[in-house]
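The values are calculated or read from the model by the stated rules, or taken from the named source; none is laboratory data. This one's a predicted model, so the numbers in the text were calculated from it and none came from an experiment. Glycine also receives a Cβ, built like all others from the backbone with ideal geometry; neighbour counts cover every protein chain displayed. Areas reflect the complete protein model, heavy atoms only, side chains present, ligands, DNA and RNA absent. Shrake-Rupley method; radii C 1.70, N 1.55, O 1.52, S 1.80 Å.
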Amino acid sequence: MRHYLDCYPCFLRQALEAARMATPDEGVQRDMLREVAGVLADLPPGATPIEMGLRIHAIIRERTGVVDPYRKVKEESNRHALSLYPRMKERVEDSPDPLLTAVTLSAIGNVMDFGANPGFDLEQSLEEGMARGLTGAGFPLFTRLLGESSQVLYIGDNAGEIVFDRLLVEQIAAMGVKVTFAVREAPILNDATRDDARETGMDRVAEVVSSGVVGPGTLLDHCSPTFIELFKRSELILAKGQGNYEGLSSETAPIFFLLMAKCPVVARDLGVEVGDLVLRGPGVRG
């Protein structure tokens, strides 16, 4: 998915928030914003939001030397989500359709996005999301294809959210399907890395791999050769979050996108409303 003019204010907001996490020096923050604005001025029309995210956070790392300005935010997100895990696990197990409940909870977890949605309220989103349910007709097809698969590639998104993903991974694994869970190669925004997989127990329920990506989403030409081969031979792919949708929506693959539409640009591209919980599969619209 290419970027739109509506993305520009979000790029600048994200740059300022990350700069403030990396350094208290307002002069350095100002210089970083000036540099980001220059990049925006020269941004090719077909560039993806992920490519811009890569540039923004490269500038912040180079200017401040801080590799992971979101580290404390991610640790707190993981702790918060883990504190809710027993209650959510019980909700899944008591549900008349545990898979649907786990898919819905996983989509709700996508609210934990400090790039697109820094002011989220997790508890409120849980109650509203469960009442709202999934948008569209993707779940029956997902259920059928999952039942026909022996292996699923699950491409994760954010820290904290990864706990919600674990609920779904556990349900898929209980069906006898092997799950390979992909994380980012290096810290960027609050995206999940191997450290977050270990902190949340994901490595105990799935094989955890790196996509090789250091950006806030998955672009295949930025991935490692090992991951690209895994992607190409996967029977079924589940990609979480807006960043993975932005990077993979034009790929021809057995891929489902699971996310909360948190910004008007992505919602418009999907044909849904902001706040909708979306499971969108190959050839499925609405």
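Take the conditions assigned to a loop (DSSP other than H, G, I, E, B), without any contact (Cβ under 8 Å) to a residue 60 or more places away in the chain, open to solvent by less than 20 Å² (accessible area, probe 1.4 Å) and out of contact with any strand residue (DSSP E or B) (no Cβ under 8 Å at 6 or more places or on another chain) and apply them to Ala19. Does it pass? Break it down into steps so the answer makes sense when it comes.
Numbers: assigned to a loop (DSSP other than H, G, I, E, B): no; without any contact (Cβ under 8 Å) to a residue 60 or more places away in the chain: yes; open to solvent by less than 20 Å² (accessible area, probe 1.4 Å): yes; out of contact with any strand residue (DSSP E or B) (no Cβ under 8 Å at 6 or more places or on another chain): yes.
For Ala19, the condition - assigned to a loop (DSSP other than H, G, I, E, B), without any contact (Cβ under 8 Å) to a residue 60 or more places away in the chain, open to solvent by less than 20 Å² (accessible area, probe 1.4 Å) and out of contact with any strand residue (DSSP E or B) (no Cβ under 8 Å at 6 or more places or on another chain) - is not met.
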Worksheet entry | Check on Gly38, loosely packed, with under 15 Cβ neighbours inside 10 Å and over 20 Å from Ala186 (Cβ atoms) | yes
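For every residue, the table says whether it meets (1) of a type in the set (A, V, I, L, M, F, W, C); (2) in contact with a helix residue (DSSP H, G or I) (Cβ under 6 Å, 6 or more places away or on another chain); (3) open to solvent by 20 Å² or more (accessible area, probe 1.4 Å).
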{"residue": "Asp191", "(1), (2), (3)": "no, no, no"}
{"residue": "Ser250", "(1), (2), (3)": "no, no, yes"}
{"residue": "Pro264", "(1), (2), (3)": "no, no, yes"}
{"residue": "Arg280", "(1), (2), (3)": "no, yes, no"}
Practice prompt. Take the range 94-114 and flag every residue that is of a type in the set (Gly, Ala, Ser) and open to solvent by less than 10 Å² (accessible area, probe 1.4 Å).
Written response: Ala102, Ser106, Ala107, Gly109
Item to complete: Answer yes or no: is there a residue in the range 268-286 that is in a helix (DSSP H, G or I), over 26 Å from Ser149 (Cβ atoms) and in contact (Cβ under 8 Å) with a residue 40 or more places away in the chain.
Response: yes
Item to complete: State whether one or more residues within the range 177-187 are within 22 Å of Lys72 (Cα to Cα), open to solvent by less than 10 Å² (accessible area, probe 1.4 Å), of a type in the set (Asp, Glu) and touching a strand residue (DSSP E or B) at 6+ places or on another chain (Cβ under 8 Å).
Response: no
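Which of the following residues is under 23 Å from Arg13 (Cβ atoms) and of a type in the set (Gly, Ala, Ser): Ser77, Ser83, Ser95? Spell out how you get there, then give the answer.
Numbers: Ser83 fails: under 23 Å from Arg13 (Cβ atoms); Ser95 fails: under 23 Å from Arg13 (Cβ atoms).
None of the others qualify; the one that does is Ser77.
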Item to complete: Starting from residues that are over 17 Å from the mean Cα position of the chain (by Cα) and assigned to a helix (DSSP H, G or I), keep the ones in the range 203-226 and report whichever is farthest from Pro187 (Cα to Cα).
Response: Arg204
Discussion item. Among (1) touching an Asp or Glu at 6+ places or on another chain (Cβ under 7 Å); (2) of a type in the set (A, V, I, L, M, F, W, C); (3) touching a residue at least 60 places away in the same chain (Cβ under 8 Å), there is one condition Ala197 misses while meeting the rest; what is its number?
Written reply: (3)
Practice prompt. Mind listing whichever residues of the range 57-93 are closer than 15 Å to Val214 by Cβ, of a type in the set (A, V, I, L, M, F, W, C) and open to solvent by less than 80 Å² (accessible area, probe 1.4 Å)?
Written response: Ala58, Ile59, Ile60, Val66
